[in-house]
Amino acid sequence: MTTDLRAVQEAAAAWPRPPAGRAPGDAARRLLDAIANLQDGRSGSGDVAALVRQVLLEDGARFRGDPHLLVPGRDPWPSPGDWSRAACGTRPQDGSLIVSAVPWCPPLREHEDQKAAQRQLTEVFRGPASDYRRALQNTPADPFWRRTLGHTHYLSTAQRSAARTVALAPEGSTIIVALPTGRGKTDVVWSRALARDSGVTVVVVPTVVLALDMERRTKQAAQRLGRQLSPAGRYAYVGTLDPAAKRAVREAIRTGQQRIVYTSPEALMTGLRDSLMSCAQNGLLRQFVVDEAHIIDQWGQDFRPEFLTMAGLHAELIRCSPASELPVTVLLSATLTGRHIDLLKRTFSPDRHVEVVWGSSLRTEPAYYAAHFAAPEDRQSAVLEAVHRLPRPLILYVSKVEDANAWLQTLREAGLVRVAAVTGQSSEEARRLAVQGWRGEDTDGRTVPTEFDVVVGTSAFGLGIDVSTVRSVVHACLPETIDRFYQEVGRAGRDGLPTVSYLATADQDIPVAKNLNGVVLIGADKGWERWSALRDQAWKTPSGALRVNLRSLPGYMVEGYQRSASWNVKALTLMAQAGLVRLNAATAPSRERDEDDDTWQQRQDAFYRESRDVIDITVVNGAGLREQAWDGLMSDARRQITAAQADSLQRMRELVAGTYCYGEILAKQYRVRTGSETLITSPACRGCPGCRRAAQTSDVLFPPEPSPHLSYVGKAADPLHAGADVLLIYWPDETTRRDLLPDVVAGLALAGAMVFHCADPNMLDAAQANITRPVIRDDDELLMSYEGLVTVIMDRNATGVSASVLQRLGRRLPTYVLGPASLPAPDKPLWRWQDVTANLSIRAALGSL
């Protein structure tokens with residue numbers, strides 16, 4: 001009997017005494033928590049039955065036995081009917097029940113391969129032993145990655161490319177990073193944030209729950225690294241943070257000691273704005289990061305005007321930063337389409353080059369199951385069956401708040417008590433408690449008993465939440481876009497282990513999905529009236545912008561106050577996406593000379609109260625002032641948005657039909673055309689209705705990890721002022737090499753040479769130890785592609801350069817070569833290289849540095 005099974009058996013035998021032992025496995029741990037709470041009603045018979053099934057199936061799948069458990073046969077333990085609903089068989093023994101698990105998988109369509117479907121579900125229970133766990137490449141880390149994060153490897157070559165690009169990016173750069181969920185996007189921005197001993201990285205996240213989750217992870221990282229990253233010990237600036245802690249965080253931001261802070265657009269535009277402006281003016285704002293950046297396509301469609309003005313504040317922060325200390329902008333997402341990339345470029349860097357690190361690849365963890373039901377009651381029965389039988393933790397997604405509340409009641413009536421609901425109407429505290437009870441860990445990273453195994457949620461739940469052990473995602477709805485579906489499926493399997501996705505749709509879902517998909521865009525006549533009225537009521541700022549109040553109500557209109565504000569937002573959002581205007585945050589007031597503290601504080605408070613509703617508008621296209629041209633540009637923008645939404649819904653319906661491989665459909669969705677380049681996302685599929693109907697498994701289950709090229713150069717480094725494509729730095733003898741080479745390498749790194757082609761990692765680690773500039777150790781890839789300076793360090797007894805170095809020299813890319821004085825010229829082997837090329841002795845080079 002395995003450790004998990006033994007711990008559960010002992011707990012069942014000792015009941016009603018609390019379980020005495022602990023179990024290493026997540027499912028067994030949850031089961032022990034459920035058993036402990038059976039008597040007080042905080043868990044139900046359905047919870048225990050479902051978790052017993054999972055523990056038995058995990059044991060059987062991993063060790064190929066026929067496991068069973070002896071459990072009490074009396075209330076409040078599950079009855080034979082409860083065990084049957086969880087697909088468990090029972091037989092009585094001395095007043096107890098011997099329980100075993102019965103094979104089951106979600107209902108299949110005609111011609112689907114039953115054996116393949118069952119095998120794909122079994123892999124979820126095999127967990128770490130699964131043949132379908134994608135092995136990450138564990139690429140050796142660069143010196144800067146080891147120094148800042150303590151990691152010895154990158155998770156993949158794509159993460160390495162993203163990390164190098166962000167680390168090497170010149171100040172003021174804008175970078176879009178597309179990396180799959182679970183591939184370490186957060187570490188990419190952490191590394192640059194931690195390279196120096198001061199300076200602030202602000203990370204804007206769409207939800208408070210995500211901010212709190214990132215705070216938990218940052219606390220754990222700070223403890224692991226032994227570094228103080230916040231004097232206040234807090235990283236999430238959210239509404240529930242007490243006033244004293246908020247003041248401490250704001251002051252730490254001003255002084256550059258708050259190394260990382262996570263916040264919402266609302267808090268960014270109000271409480272944090274003044275301190276961030278001071279931080280930027282002092283040259284201490286290192287990075288401006290937007291996480292889950294793909295949601296830009298939804299900005300302004302709901303009444304959250306902070307999403308509109310955030311880009312304006314971003315531009316203001318850059319303008320007021322010293323030229324030598326401009327923040328780097330990083331926009332992160334796992335799922336980006338061409339429209340997303342275009343909008344991000346226009347929103348955050350309209351006048352600058354934007355670098356795109358395309359590490360996009362599809363998730364290989366989920367096996368997909370789908371069924372369509374004509375009657376809603378048939379769908380409800382099928383979903384209820386699935387929730388009783390699929391592995392936990394589990395998310396049940398619906399489209400409407402009322403559906404989430406109804407499902408919560410239905411599940412509880414069916415004996416499932418360890419269930420929570422999270423919707424757009426849930427309070428911040430309710431969301432925090434739901435995630436804490438679901439994960440079994442509080443916001444400080446301390447282990448606490450699990451309280452929930454199932455969360456019922458709308459699309460408001462889960463964005464970026466890092467609960468690595470989620471095993472199942474069930475949709476009792478038709479998601480209105482394929483992006484929403486894929487994002488929600490991606491909540492599971494962040495640990496890289498197999499998961500299951502079950503999509504259960506009904507006829508009644510189609511009008512709901514169409515309604516949600518149909519973004520309400522302001523029409524031409526109404527839009528022009530809105531724009532004209534806003535313009536007429538605006539007042540000019542000293543900078544020449546038009547300042548408008550979003551809640552202004554034109555005198556000839558009789559709509560409600562809130563509704564009018566919402567239409568103003570929609571009009572301006574569409575105008576910004578059409579390239580007619582740029583939306584900026586209203587500039588904070590300056591303190592008047594001789595103004596006393598109380599008056600100044602009152603003026604500041606009044607400004608921040610009103611600033612949420614105030615936007616400064618800059619007209620960037622004169623057509624915005626002429627109705628006919630305005631209408632044409634707005635019509636084009638409406639068509640693009642409508643077409644993109646309709647296309648995304650159509651691809652969602654293709655998934656429902658189950659005719660084609662899900663991997664092929666998803667790969668098509670995330671294939672991006674930018675300029676003259678096509679950015680490919682390779683298909684990947686562990687199993688889906690289309691593949692099972694064709695009686696095949698995908699040949700591209702594990703496509704090669706993407707390996708984006710590093711193209712960021714910035715200013716061409718030439719620390720020794722060689723003025724030539726190639727500079728040879730030579731040592732005359734071994735003693736000189738041994739004594740001077742480490743100091744020369746460190747000096748070059750300190751002076752701006754960051755990429756080294758070197759066989760000895762210890763030398764580069766030693767150079768990195770005392771400098772903040774990133775040191776990168778190349779393994780031939782950058783010799784071929786990097787257009788900035790590469791320093792090649794030859795072996796002590798080298799008699800020539802390698803073919804890859806020769807190729808780089810042939811491309812006339814800037815290169816320093818450190819080698820022995822006897823090194824022959826590559827194209828004239830009878831000559832010493834130092835006699836036919838620009839050169840310095842190693843001692844002279846050290847003197848120059």
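Tabulated results
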{"quantity": "In nm, spacing of pseudo-spin labels at Ala13 and Gln220 (7 Å Cα→C-beta vector)", "calculated": "3.4 nm"}
{"quantity": "Euclidean distance of C-alpha centroids, region 366-427 and region 75-104, integer Å", "calculated": "23 Å"}
{"quantity": "Segment Arg671-Glu402, extension gain: residue separation times 0.36 nm, minus the distance between their alpha carbons", "calculated": "93.3 nm"}
{"quantity": "Potential lengthening between Arg91 and His111 on full extension [0.36 nm per residue; Cα-Cα distance subtracted]", "calculated": "3.7 nm"}
{"quantity": "Set of aspartates and glutamates near Lys115 by C-alpha distance (under 15 Å), chain-local residues within fewer than 8 positions excluded", "calculated": "Glu123"}
{"quantity": "Rh by Kirkwood over Cα pairs, then Stokes-Einstein D for the chain at 0.692 mPa s and 37 °C, µm²/s", "calculated": "111 µm²/s"}
{"quantity": "Spin-label proximity, Thr735 to region 801-826 - amide N less than 17 Å from point 7 Å beyond Cα toward beta carbon", "calculated": "821"}
{"quantity": "Extended-chain gain in nm, criterion 0.36 nm per residue less alpha-carbon gap, Thr659 and Ser707", "calculated": "14.2 nm"}
{"quantity": "Nitroxide proxy distance, nm - points 7 Å out along Cα→Cβ at Asn515 and Asp536", "calculated": "3.5 nm"}
{"quantity": "Accessible area in square angstrom per residue, the chain, 1.4 angstrom probe", "calculated": "40 Å²"}
{"quantity": "In nm, spacing of pseudo-spin labels at Asp66 and Thr152 (7 Å Cα→C-beta vector)", "calculated": "4.5 nm"}
{"quantity": "Local net charge near Ala538, Cβ-Cβ under 14 Å (Lys/Arg +1, Asp/Glu -1)", "calculated": "+2"}
{"quantity": "Rounded to 5, the percent of DSSP beta bridges in the chain classed as antiparallel", "calculated": "30 percent"}
{"quantity": "Carbon and sulfur %, accessible surface of region 145-237 computed with the full protein complex present, 1.4 Å", "calculated": "45 percent"}
{"quantity": "Local net charge near Gly496, Cβ-Cβ under 9 Å (Lys/Arg +1, Asp/Glu -1)", "calculated": "+1"}
{"quantity": "Too-long pairs where the Cα-Cα distance tops 22 Å, listed order kept, from Lys345/Lys540; Lys185/Lys246; Lys246/Lys570; Lys400/Lys668; Lys400/Lys514", "calculated": "Lys345/Lys540; Lys185/Lys246; Lys246/Lys570; Lys400/Lys668"}
{"quantity": "Value of D in µm² per second that Stokes-Einstein yields for region 140-229, Kirkwood Rh from Cα pairs, at 37 °C (0.692 mPa s)", "calculated": "236 µm²/s"}
{"quantity": "Region 132-205-region 710-766 distance, computed between alpha-carbon centres (Å)", "calculated": "23 Å"}
{"quantity": "For region 460-512 versus region 1-55, the gap between their alpha-carbon centres in whole angstrom", "calculated": "27 Å"}
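The values are calculated or read from the model by the stated rules, or taken from the named source; none is laboratory data. Computed from a predicted structure; not experimentally measured. Glycine gets a Cβ as well: all are built from the backbone with ideal geometry, and neighbour counts include every protein chain shown. Please note that ligands, DNA and RNA were not included when accessible areas were found on the heavy atoms of the full protein model with its side chains. Shrake-Rupley method; radii C 1.70, N 1.55, O 1.52, S 1.80 Å.
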